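First comes the structure, then the notes that go with it.
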């Protein structure tokens, strides 16, 4: 039995490294039944290719909002991305938001794609807006590339919301300047979260936009103590360790953490010699060792403990200025007691103005 959607809550389907892509079908149906309002889709170039996963989510759902968070603009031709988003827009009745991110630079360079810049993403957003609006873009030469013609025929113009995953100040400002929603990073301290929200909203205002038109999503690790301890360690220590492997300098800088701790983490013989992502293949014993390298305060920005404690932490993200909270790192079945407690104690009207589309405008503001 389903309940009314809580559009301020979201989850990531196929969190981490899934055993079976088809698991998303049960996840999405379960999330809708629980009242989770939106489903975010992260992309790994293995069995989590974003366009395919989004189509499956759209087909398996009735009212849940959907967003990529994120794919990269340079892995597909602009018209392929534009058509993907327009197809999802029609498939879902307007519930889809195209979400972009900067990606991991060393991975992009390894694939021969080069680093993604702020200018490229801003240029790409403009191209998508123009194509979806029905314009034929002719002779474009800009940071996103050189294209003789970009045009979409045979469909009505549409506004498709766009979402940006952001960590650093340049990305956060870009989100406020030209995106419809911004997804913050996991394990932001309270101070960092409040500062990031303020930066996004200020950038929107400086660009002549209404800050209320830009939804800011906290990406909040949600790992209740009803889960087995090895699972909790993987979803907290393992995930943080993987972020530090991939872009530790940025995480330390944005949170104003001690860089010497990161250096000790990197120089640890086990970490230095590990061949892949720690949250993917490290054993429970190995993660117990990694846990000794990561300060407790770095892992503190998360919803942990009893369902009541988790809900209190989730509500704290709204108090910091976030418009929505992605319950990160857990499948809906793992979130059930927490979502039930949240629903039971939810304010009946605080978020009723939010639409299902994670990047969509609230019903209290006009376009």
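Numerical summary
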read-out: Candidates 220, 187, 179, filtered to the one that is at positive phi and assigned by TED's automatic domain parsing to the domain that holds residue 335; value: 187
read-out: Answer from 154, 175 - the residue that is crowded, with 24+ Cβ neighbours inside 10 Å and under 30 Å from residue 139 (Cβ atoms); value: 175
read-out: Residues within region 306-321 that are outside any helix (DSSP H, G or I) and within 24 Å of residue 244 (Cα to Cα), tallied; value: 0
read-out: Odd one out for residue 131 among (1) outside any loop (DSSP other than H, G, I, E, B); (2) more than 23 Å from residue 300 (Cβ to Cβ); (3) touching a residue at least 60 places away in the same chain (Cβ under 8 Å); value: (3)
read-out: Among the candidates 26, 19, residue that is farther than 25 Å from residue 157 by Cβ, over 15 Å from the mean Cα position of the chain (by Cα) and at pLDDT 95 or above; value: 26
read-out: Residues of region 198-218 satisfying the condition of being in contact with a strand residue (DSSP E or B) (Cβ under 8 Å, 6 or more places away or on another chain) and surrounded by fewer than 24 Cβ atoms within 10 Å (Cβ to Cβ); value: 201
read-out: Filter pass, residue 335 being in contact with a helix residue (DSSP H, G or I) (Cβ under 9 Å, 6 or more places away or on another chain), in a helix (DSSP H, G or I) and assigned by TED's automatic domain parsing to the domain that holds residue 197; value: yes
read-out: Residues (crowded, with 16+ Cβ neighbours inside 10 Å and part of a helix (DSSP H, G or I)) located in region 274-305; value: 278, 279, 286, 287, 290, 291, 298, 299
read-out: Residue check, residue 305 at positive phi, touching a residue at least 24 places away in the same chain (Cβ under 8 Å) and in contact with a helix residue (DSSP H, G or I) (Cβ under 9 Å, 6 or more places away or on another chain); value: yes
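The values are calculated or read from the model by the stated rules, or taken from the named source; none is laboratory data. These numbers come from a predicted model, not from an experiment. Note: ideal-geometry Cβ built from the backbone for every residue, glycine included; neighbour counts use all protein chains shown.
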